[in-house]
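A.B. asks: The structure under discussion is supplied below as structure tokens; questions concerning it will follow.
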Amino acid sequence: MKIGVVTFPGTLDDRDAARAIRYAGGEAIELWHDEADLKSVDAVILPGGFSYGDYLRCGAISRFSPVMESLIAAAQGGMPLLGICNGFQVLAEAHLIPGALTRNQHLHFLCTDQKIRIENNNTAWTNSFTEGQEIVIPLKNGEGSYQCDDETLKMLEGEGRIIARYVGENPNGSRNLIAGISNERGNIVGLMPHPEHAVDALTGPGVDGLGFFTSVLKALVSGGNK
Amino acid sequence: MATIVVDVMLKPEILDPQGKAVASALPRLGFTFATDVRQGKRFEISVEGEPTSTQLAEVEKAAEMLLSNPVIENFTVRVEK
């Protein structure tokens, strides 16, 4: 299975994402922001970093790059797409998922090992976990506070589209402790913390992050979210 | 040459931690007038001659697509001589 990893100018975590894909048993394919060609990949990850220097708003300029044109169409057609951190911001700017990521409430850049709870394991990126499973993966961002209007929040809660929540104290001011959400179909997931940094005990807090990458491989084999 | 100004502000219901930080810094400097501060962005867009209504409509469109995020922000467009 081929999983594409997009590199924008300013992307940081593309190599870790590619490594996580390989650890899970997939083939990582490099995708470049300036090329619309998705190279026949089966799924795509938008990794973390500071694409286009976070100019204007995080993800606002990346969202209009040539690769995104193809990616938006493919993801709307059901291709699994995971946006991590800056990738989550790109998904929100592209309106592939509702809401927006804003400045952390306490204004500080945060870098910590964060406990999160998997709330929905029926998505293409979370099916390897059990519902309610608590995992620890790194969280590192300046603009990770998830915001949306009351109606959207009610819809996300009602439809089980909050796929992961922070456990314990709210680290950034996100509404309802939201760490990640999905689209209606469950093929597109935006996640603020970084599973790709927790796939090797040598370089991360553990291997809890690996489940996101094994999930998508399982989903691709089954042709559904499970 | 004229300048089209686009002001982008967070919607009133969206928390503005930067504005809050500025508001709490003011009294430390002895400025006690502020009950609240909201921080926004201003874009100055230069065009040849007087802006046409078509240009202004395009700026509106660009402001909605790129300069602001309508999920969390409002914007205004005006011409400055």
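A.B. asks: Fewest first, what order do A:Ser51, A:Ser128, A:Ser40, A:Ser145 take by the number of other Cβ atoms within 10 Å? Could you put the intermediate results ahead of the total?
C.D. replies: Details: A:Ser51 28, A:Ser128 20, A:Ser40 8, A:Ser145 24.
Ascending Cβ contact count within 10 Å gives the list A:Ser40, A:Ser128, A:Ser145, A:Ser51.
A.B. asks: Spelling out what I want: for every residue of segment A:166-177, take phi, set θ = phi - 60°, compute 6.51 cos²θ - 1.76 cosθ + 1.60 (Karplus), and round to whole Hz; glycine and proline get x.
C.D. replies: 5, 9, x, 5, 5, x, 8, x, 4, 4, 6, 6
A.B. asks: Further question: Going by amide H atoms built from the backbone, whose H comes under 5 Å of the H on A:Ile163, apart from near neighbours?
C.D. replies: Residues meeting the amide H criterion: A:Gly180, A:Ile181, A:Ser182.
A.B. asks: Could you pull the Cα extents of segment A:11-138 along its three principal axes, largest to smallest, in whole Å?
C.D. replies: The principal-axis extents, from largest down, are 37, 37, 26 Å.
A.B. asks: For the cross-link pairs A:Lys115/B:Lys41; A:Lys115/B:Lys11; B:Lys41/B:Lys81; A:Lys115/A:Lys140; A:Lys154/B:Lys11; A:Lys154/A:Lys218, which exceed 23 Å when the distance is taken from alpha carbon to alpha carbon?
C.D. replies: Working: A:Lys115/B:Lys41 35 Å; A:Lys115/B:Lys11 31 Å; B:Lys41/B:Lys81 20 Å; A:Lys115/A:Lys140 13 Å; A:Lys154/B:Lys11 19 Å; A:Lys154/A:Lys218 30 Å.
Distance filter (> 23 Å) returns A:Lys115/B:Lys41; A:Lys115/B:Lys11; A:Lys154/A:Lys218.
A.B. asks: Test of understanding: ordering B:Val37, A:Val67 by Cβ neighbours within 10 Å, fewest first, what list do you get? Spell out each step's value before the answer.
C.D. replies: Details: B:Val37 15, A:Val67 22.
Fewest to most other Cβ atoms nearby, the residues stand as B:Val37, A:Val67.
A.B. asks: Quick query: amide H of A:Ile29 versus all other amide H atoms, modeled in the peptide plane; which residues come in under 5 Å with a sequence gap of 5 or more or a different chain?
C.D. replies: It is A:Ile3, A:Gly4, A:Val5, by chain and number.
A.B. asks: Moving on. Kirkwood hydrodynamic radius of segment A:146-226 from all distinct Cα pairs, in Å?
C.D. replies: Numbers: mean 1/r = 0.0711 Å⁻¹.
Kirkwood hydrodynamic radius for segment A:146-226: 14.1 Å.
A.B. asks: Given N residues in segment B:1-66, what is Rg(Cα) / (2.2 N^0.38 Å)? Could the numbers behind the result be given before it?
C.D. replies: Numbers: Rg = 16.6 Å, N = 66, 2.2 N^0.38 = 10.8 Å.
Here the answer is 1.54, to two decimals.
A.B. asks: Next up: Take A:Thr203, A:Thr102, B:Thr35 and order them by how many other Cβ atoms sit within 10 Å, fewest up front.
C.D. replies: Working: A:Thr203 10, A:Thr102 28, B:Thr35 6.
Final ranking by Cβ density, sparse to dense: B:Thr35, A:Thr203, A:Thr102.
A.B. asks: If you project the alpha carbons of chain A onto the principal axes, what extent comes out on each, in Å, largest first?
C.D. replies: The Cα atoms of chain A stretch 41, 38, 37 Å along their principal axes.
A.B. asks: Expected output is a single nm value to one decimal: the length gained when fully extending between B:Asn74 and B:Phe33, i.e. 0.36 nm times separation in residues minus the C-alpha distance. What is it?
C.D. replies: Details: separation 41, 0.36 × 41 = 14.76 nm, distance 2.56 nm.
So the extension gain works out to 12.2 nm.
A.B. asks: For segment A:122-128, just list the computed ³J(HN,Hα) in residue order, Karplus coefficients 6.51, -1.76 and 1.60, θ = phi - 60°, integers in Hz, with x standing in for Gly and Pro.
C.D. replies: Once rounded to whole Hz, the list reads 9, 10, 4, 10, 10, 5, 7.
A.B. asks: For chain A, what is the mean residue ellipticity at 222 nm derived from helices alone (per DSSP H run of n ≥ 4: -39500 (n - 2.57); sum divided by total residues; nearest 500 deg cm²/dmol)? If you can, show how the numbers build up before the last one.
C.D. replies: Details: 5 runs with 52 residues, N = 226.
Mean residue ellipticity, 222 nm, calculated: -7000 deg cm²/dmol.
Readers should treat all values here as calculations from the given coordinates under stated rules, not as data from a laboratory. Computed from a predicted structure; not experimentally measured. Note that we place each Cβ from the backbone using ideal geometry, even for glycine, and neighbour counts take in every protein chain shown.
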